[in-house]
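Below: one structure, written as structure tokens.
Nothing in this text is a laboratory measurement; each read-out follows from the coordinates by a stated rule. Bear in mind that the values here come from a model prediction, so they are computed numbers and not experimental data. Heads up, the Cβs are rebuilt from the backbone with ideal geometry, glycines too, and the neighbour counts pull from every protein chain shown.
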Amino acid sequence: MIVIICFSPALDIGYGTVLLKANEKTRTRLKATTTAAGAGPNIARVYRAFGVEYALVLPLGGEIGHLVERLAREEGLNLVVVRADAHTRTNANFSDETANHFNIVQHALELSEEECKSLLQTAAEKVGSESFVIVSGSLPAGCPGKCPNHCLVRFSELLKGRGNTRLVVDLAGAALRGALASKTVYHAKMNLAEASEYFQDESLDSDPPNIRGCADAAKRIVLNGGAQYVTISLGKYGAVLVSQQESLYARLPPRLIGGINRVLSGGDTYLAMMTSEMAAGHGIEECLRMAIGAATAVLQSPDGRCRPDEVRKLAAEVLVDKV
């Protein structure tokens, strides 16, 4: 069982137009799309496609929250809803025929401390004796102690006596620092910008990326006990995955990188596939190949859906080298 905790779900409203111009009225080509969004639903879609057992625990509030729940259940996503007083956020996504994408993302849902405790307790009750728990996205200000590491330490306390539970995080800023400081993390994922902020090293966020620099930085987290595995995702350049035993760099051949139709959910898809492959006990290189294949498949898909046959086809082409 994989338990997904999504503190800040959203309603995504998507608009398509011919060309976006500043200071001009822009008409949409088609009816706007509405989608249950946020890291949690993105991860859950991957698991639904691959038949992975999971539970998505998330807070929803207001009329937007009810709409997000209805849309997610219509997709067949396995939700465990905790009611919140605050209204679920709404994001807007715009695309035009020049392949430009614009994303406007509201701040994270605010939870009271009691609501946050209820969410963590509900998630803990779903955890079995051999579970992975994914915490991804923005943490709300109402987390216990108003500090992310307090939130994760509280959650770890709730899991005591529940067997071998492995915590996976994809966070940023203070939330990422707090998670790694808690020393409860099994696998931490960050992108180049998040790594640059965490390490206070602008050279990490370069194009093309400094593969050795990223691997060395990630290794410092591992050696300090912040996490057993650390991923730094590199966009079209692939990803670096580091553990105590080895540092690996994975990417697809350049001929297979073109045709990106989306800028959202690639990182969520990578994390979803990496976690399910780890949970299945597969070797780390196989996990990495499947994760890169899945992320690429979603970004190249016109509808943003993860199709197992396409994922496996791309995974077979992934190149993995030791750093």
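Figures for the structure shown
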quantity	calculated
Cut-off under 5 Å, modelled amide H: who pairs with residue 10 long-range	37, 38
Loop-resident sites, the range 244-323, for GluC sites (Glu not before Pro), counting at most 11 other Cβ within 10 Å (DSSP)	none
Listed residues 29, 166, 312, most fluctuating in the chain (Gaussian network, C-alpha, under 10 Å)	29
Radius ratio Rg over Rh of the range 184-323, counting only Cα atoms, Kirkwood formula for Rh	0.95
For 241, 256, 77, order by how many other beta-carbon atoms lie within 10 Å, fewest first	256, 77, 241
Computed E for residue 27/residue 312 - FRET, C-beta separation, R0 35 angstrom, nearest 0.05	0.30
Segment residue 255-residue 18, length gained on full extension (0.36 nm per residue, minus Cα span)	82.5 nm
Cross-link reach list, aspartates and glutamates versus residue 25, counting only Cα pairs under 15 Å and skipping chain neighbours closer than eight places	96
Least to most buried among 75, 69 (fewest other Cβ within 10 Å first)	75, 69
Net charge, residue 128 excluded, C-beta distance under 11 Å - Lys, Arg +1, Asp, Glu -1	-1
Fully extended contour minus Cα-Cα distance, from residue 285 to residue 83, at 0.36 nm per residue	68.7 nm
Contact order relative to length of the chain, as percent, for alpha carbon pairs under 8 angstrom and 6 or more apart	14 percent
Ranked 309, 205, criterion: other C-beta atoms within 10 Å, fewest first	309, 205
Cα gyration tensor category, rounded, prolate or oblate, for the chain with a/c compared to 1.5	rounded
Pairs from 236/313; 219/322; 160/219; 189/313 whose Cα-Cα separation, in the structure shown, is over 19 Å	160/219; 189/313
